[in-house]
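A.B. asks: Pasting in a structure now, in structure tokens, and then I'll have a few things to ask.
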Amino acid sequence: MTAYARAIGDAKTGRVLWHDKGDERRDFASTTKTMTAWLILREAAKDPKLLDEVVTFSSAADRTPGSTSGLKTGEKIPVRELLFGLMLPSGNDVATALAEFAGPRFAADGNSADATRPVARFVAEMNRAAKELGLKQTRYANPHGLPDNNHLSTASDQVVLAAKAMQNEQFREYVQTRQHATKVQGPGGNARNIVWKNTNKLLEFAGYSGLKTGTTDAAGACLVSACKHRDDELIVVVLGSSSS
């Protein structure tokens with residue numbers, strides 16, 4: 001394998017079974033979106049109506065660089081559909097939109113300037129959740145995984161998070177979906193159809209349960225994956241691969 005760091009763990013318990021440099025902190029690209037999606041679904045478990053709330057795509061979301069869902073400023077879409085745009089084409093723009101939407105639900109991190117910034121409040125909650133889950137080497141600086149010196153994790157921490165996220169049936173549905181079509185409402189009232197395809201090519205293989213890909217120049221190719229064989233299910237994480 002060309003990966004710099006790797007870890008394998010039990011999907012039921014999150015216990016890391018084997019690793020190589022699994023505790024070294026690194027950029028982890030769009031595998032970040034595992035936490036972004038899990039936080040939204042955690043809130044939806046408390047308030048099921050949340051998934052039916054409609055998000056109006058902001059210009060800030062539309063301008064987010066990198067991988068994109070193709071949604072445009074002013075378009076409207078329910079949260080449950082927006083999550084497909086986060087996890088299938090790995091939309092950085094959607095990560096921003098979801099953070100803007102959900103951020104006001106959470107407390108700021110003590111910085112008074114962040115109290116009025118929904119994305120900062122969402123990221124603060126990502127870090128609180130990481131601490132609660134025991135992700136000791138993980139620090140989030142954004143909801144999408146674009147490079148930042150303060151945005152780092154480890155392969156071992158990603159095993160723990162993936163195991164937790166895969167306990168959520170809705171999360172499993174999203175990451176196992178190979179293609180999803182939906183309709184978005186434009187600002188002028190016109191609707192258009194959009195199709196999202198999963199960047200995760202391993203979904204073609206039997207026994208593979210999906211999860212999340214990620215690639216940036218800083219992080220290299222990254223993959224958090226889940227695979228089941230009979231009654232055994234493992235989480236496999238690779239960070240910093242030179243091939244994808």
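A.B. asks: Look at the range 212-229 and say how many of its residues are closer than 20 Å to Asn149 by Cα and open to solvent by 40 Å² or more (accessible area, probe 1.4 Å).
C.D. replies: Summing the residues that are closer than 20 Å to Asn149 by Cα and open to solvent by 40 Å² or more (accessible area, probe 1.4 Å) in the range 212-229 gives 3.
A.B. asks: Continuing with the same structure: Identify, from the list Leu234, Leu161, Leu239, the residue that is surrounded by fewer than 22 Cβ atoms within 10 Å (Cβ to Cβ), within 19 Å of Leu17 (Cα to Cα) and modelled with pLDDT of 95 or more.
C.D. replies: Values: Leu161 fails: surrounded by fewer than 22 Cβ atoms within 10 Å (Cβ to Cβ); Leu239 fails: surrounded by fewer than 22 Cβ atoms within 10 Å (Cβ to Cβ).
Answer to the selection: Leu234.
A.B. asks: Of all residues in the range 64-105, which are more than 18 Å from the chain's Cα centre (by Cα) and not β-branched (Val, Ile, Thr)? Break it down stepwise before answering.
C.D. replies: Here is the first cut: in the range 64-105, the ones more than 18 Å from the chain's Cα centre (by Cα) are 72-77, 104-105.
Listed by number, the residues that qualify are Lys72, Gly74, Glu75, Lys76, Pro104, Arg105.
A.B. asks: Looking at Asp109, Asp114, which is the one that is at negative phi, without any contact (Cβ under 8 Å) to a residue 12 or more places away in the chain and of a type outside the set (Gly, Ala, Ser)?
C.D. replies: Numbers: Asp109 fails: without any contact (Cβ under 8 Å) to a residue 12 or more places away in the chain.
So the residue among Asp109, Asp114 that is at negative phi, without any contact (Cβ under 8 Å) to a residue 12 or more places away in the chain and of a type outside the set (Gly, Ala, Ser) is Asp114.
A.B. asks: Follow-up question, since we're still on this one. Tell me which strands (runs of 3 or more DSSP E) are completely within the range 1-105 and hold 1 or more residues being open to solvent by 20 Å² or more (accessible area, probe 1.4 Å) and of a type in the set (Asp, Glu), or say none if there are none. Write out each step before concluding.
C.D. replies: Numbers: elements: 5-10, 16-20, 54-56, 76-78.
Fully inside the range 1-105 and qualifying: 5-10, 16-20.
A.B. asks: What number goes with the only condition from (1) in a helix (DSSP H, G or I); (2) modelled with pLDDT of 95 or more that Ala115 does not pass?
C.D. replies: (2)
A.B. asks: Oh, and also: Does Ser153 satisfy the criteria of being surrounded by 16 or more Cβ atoms within 10 Å (Cβ to Cβ), under 24 Å from Ala102 (Cα atoms), among the small types (Gly, Ala, Ser) and within 16 Å of the chain's Cα centre (by Cα)?
C.D. replies: Numbers: surrounded by 16 or more Cβ atoms within 10 Å (Cβ to Cβ): yes; under 24 Å from Ala102 (Cα atoms): yes; among the small types (Gly, Ala, Ser): yes; within 16 Å of the chain's Cα centre (by Cα): yes.
So Ser153 fits the description; yes.
A.B. asks: Go through (1) in a loop (DSSP other than H, G, I, E, B); (2) in contact (Cβ under 8 Å) with a residue 60 or more places away in the chain; (3) within 27 Å of Met166 (Cβ to Cβ) one by one and return the number of the condition Gly134 breaks.
C.D. replies: Of everything listed in (1) in a loop (DSSP other than H, G, I, E, B); (2) in contact (Cβ under 8 Å) with a residue 60 or more places away in the chain; (3) within 27 Å of Met166 (Cβ to Cβ), Gly134 misses just condition (2).
The values are calculated or read from the model by the stated rules, or taken from the named source; none is laboratory data. Predicted model, so just to flag it, every value in this text is computed and none were measured. No Cβ is skipped: glycine too gets one built from the backbone with ideal geometry, and neighbour counts run over all protein chains shown. Keep in mind that these areas ignore ligands, DNA and RNA; they rest on the heavy atoms of the full protein, side chains included. Shrake-Rupley method; radii C 1.70, N 1.55, O 1.52, S 1.80 Å.
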